[in-house]
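Visitor: If you scroll down you'll find the structure; I have some questions about it.
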Amino acid sequence: MTVVLVGATPVLPAAALPALRGAAAVYAGEGVDPALWSAEPVSAFAPGPSVVLLTTNPDEPAARALVSAGSPVIRTPAVPLLDAAAVMDRLRSPGGCPWDAEQDHKSLRQYLVEETYELLEAIEDGDRAALREELGDVLLQVLFHARIAAEDAEDPFGIDEVAGDLVAKLVGRHPHVFEGDDPAVHDATSQQHRWEELKQVEKRRESSVDGVATGQPAVALAGKLAQRVARAGFPVDLLPEGDDTGTTLFAVAALAKLAGEDPETELRAVARAFEAKVRAAERAARAAGVTAMTAADWRAHWPA
């Protein structure tokens with residue numbers, strides 16, 4: 001038996017998910033909408049094994065009964081995101097950090113790109129500590145840009161508006177979750193297609209390639225363009241043809257994406273492996289007393 005205390009925002013703590021998934025019965029107590037979590041109303045509450053009570057009030061009778069029986073209480077944690085936003089506001093305010101106060105959207109672009117790639121590297125390396133840190137650095141960029149946007153004299157918006165738009169987007173593009181059954185969604189693949197269909201309607205796009213970020217790396221861009229037009233029935237034989245380097249690279253990236261691969265990820269994996277071998281050969285050469293490597297030295301110390 002478990003008591004889960006939720007806050008005003010209907011979000012469940014991650015620690016409660018195992019208990020909920022294994023529960024024989026879930027009840028919605030004070031301040032909790034039963035329909036939101038497919039729960040029984042607290043009026044039908046009956047203690048028993050594997051029972052979970054969701055409530056905003058730890059003193060309501062059902063909660064007290066479970067706690068007195070020794071049930072653990074799982075609390076929704078505080079919201080450090082609010083603290084992070086407050087710190088960002090302080091840094092940009094008079095008396096804060098002079099460097100932070102001077103930045104604008106354009107000056108921060110390089111940092112957003114750098115932090116994103118550092119996050120990508122942490123994911124590739126499977127480094128959990130780095131992943132946690134780099135997610136925070138990317139979040140900093142979001143908070144920074146939102147704070148700058150809030151200071152705009154003509155069209156201000158802040159982190160609350162950004163988050164609100166995100167919530168509306170997620171709810172609107174997951175009708176099978178928030179609005180009942182959607183016959184167009186029956187697995188992850190159909191959900192991805194449905195997402196694109198809803199996005200097309202939502203943004204009133206006129207072209208199948210509208211919304212593709214052309215600033216992304218060229219290999220990823222080629223793959224994304226090919227993926228988009230393929231969904232619109234584009235025939236493969238109309239892909240660019242030629243013997244020049246650019247056309248050849250585009251064709252390889254496009255065909256890889258259409259085959260279900262991610263050419264950007266595949267190429268990065270090869271590049272990272274090559275980098276590791278270069279470093280290993282250099283270490284081996286130094287250990288052998290070689291200071292200036294020739295082609296023969298590279299071959300001699302190249303990892304098998």
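Visitor: If only one of Leu119, Leu112 is without any contact (Cβ under 8 Å) to a residue 24 or more places away in the chain and closer than 30 Å to Arg272 by Cα, which one is it?
Guide: Answer to the check: Leu119.
Visitor: What residue, of Asp165, Asp100, Asp160, Asp83, is assigned to a helix (DSSP H, G or I), in contact with a Phe, Trp or Tyr (Cβ under 8 Å, 6 or more places away or on another chain) and over 26 Å from Ala273 (Cα atoms)?
Guide: Going through Asp165, Asp100, Asp160, Asp83 in turn, just one is assigned to a helix (DSSP H, G or I), in contact with a Phe, Trp or Tyr (Cβ under 8 Å, 6 or more places away or on another chain) and over 26 Å from Ala273 (Cα atoms): Asp100.
Visitor: Right, Ala232: over 22 Å from Glu121 (Cα atoms), open to solvent by less than 60 Å² (accessible area, probe 1.4 Å) and hydrophobic (A, V, I, L, M, F, W, C) or not?
Guide: For Ala232, the condition - over 22 Å from Glu121 (Cα atoms), open to solvent by less than 60 Å² (accessible area, probe 1.4 Å) and hydrophobic (A, V, I, L, M, F, W, C) - is not met.
Visitor: Let me ask another. Only one of these is closer than 30 Å to Arg231 by Cα and exposed (fewer than 11 other Cβ atoms within 10 Å of the Cβ): Ala253, Ala288, Ala259, Ala292. Name it. I'd like the intermediate steps shown before the answer.
Guide: Numbers: Ala253 fails: exposed (fewer than 11 other Cβ atoms within 10 Å of the Cβ); Ala288 fails: closer than 30 Å to Arg231 by Cα; Ala292 fails: closer than 30 Å to Arg231 by Cα.
Just one listed residue meets the conditions, Ala259.
Visitor: Which residue out of Ala46, Ala122 is open to solvent by less than 60 Å² (accessible area, probe 1.4 Å) and not in a helix (DSSP H, G or I)?
Guide: Ala46
Visitor: Looking at (1) at pLDDT 85 or above; (2) within 23 Å of Phe178 (Cβ to Cβ), can you tell me which one Val4 breaks?
Guide: Of the numbered conditions (1) at pLDDT 85 or above; (2) within 23 Å of Phe178 (Cβ to Cβ), the odd one out for Val4 is (1).
Visitor: A further question follows. Could you say which residue among Val26, Val42, Val67 is modelled with pLDDT of 85 or more and within 26 Å of Val171 (Cα to Cα)?
Guide: Val26
Visitor: Of the residues Ala84, Ala78, which single one is under 30 Å from Leu5 (Cβ atoms), exposed (fewer than 12 other Cβ atoms within 10 Å of the Cβ) and aliphatic (A, V, I, L, M)? Walk me through how you get there before you give the answer.
Guide: Numbers: Ala84 fails: exposed (fewer than 12 other Cβ atoms within 10 Å of the Cβ).
On inspection, the qualifying residue turns out to be Ala78.
The values are calculated or read from the model by the stated rules, or taken from the named source; none is laboratory data. No experiment lies behind these values; they were computed from the predicted model shown. Note: ideal-geometry Cβ built from the backbone for every residue, glycine included; neighbour counts use all protein chains shown. Quick note on the areas: whole protein, heavy atoms, side chains included, nothing else; ligands and nucleic acids left out. Shrake-Rupley method; radii C 1.70, N 1.55, O 1.52, S 1.80 Å.
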